[in-house]
Amino acid sequence: MNRRTSSYVASSLIITALLLFAFCELGFCRVEKSLFMGAIRDLPDPTRNGVELESLARFAVEEHNKKENSLLKFGRLVKTREQVVAGKMYYFTLEANDAAAAAAGKTKVYEAKVWVKPWMNFKQLEEFKVSDEQNA
């Protein structure tokens, strides 16, 4: 390599290193832990994607009613988390009540897991249970 070429290569490496450093300092190189496949992450506001998420939460209540022959009525979505799997697994904390609870003016808090694969038009209730966080 001649002197001119080596000078060009050296200056190119220095400029590349400086640009990389600048991008990392600005936050472009940071990888959030929750972006990895399999990590469960909180969705900050369950009403942000209101129609889609509420529809899935209502689906969970309807499927639970079919499986358990119950008459729960969806109240509201309290908290939503998601996990990237073969599709997405949604973890819902929701309020619902049955006729007896509604007459007493009480709602119960439930947790539901719904697995969604949109490219296959697939959604399935994986779990539905009374929440440990009754005072959510």
Above-threshold pairs, the threshold being 19 Å between Cα atoms, out of Lys66/Lys117; Lys88/Lys108; Lys67/Lys117; Lys108/Lys129; Lys79/Lys117; Lys66/Lys88: Lys66/Lys117; Lys88/Lys108; Lys67/Lys117; Lys79/Lys117; Lys66/Lys88
Please list the non-local residues whose amide H lies under 5 Å from the amide H of Asp98, H modeled 1.01 Å from N, same-chain partners needing a gap of 5 or more. Lys73
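Where a number appears in this text, it was derived from the coordinates with a stated rule and is not lab data. If you're wondering where the values come from, they're calculated on a predicted model, not measured in any experiment.
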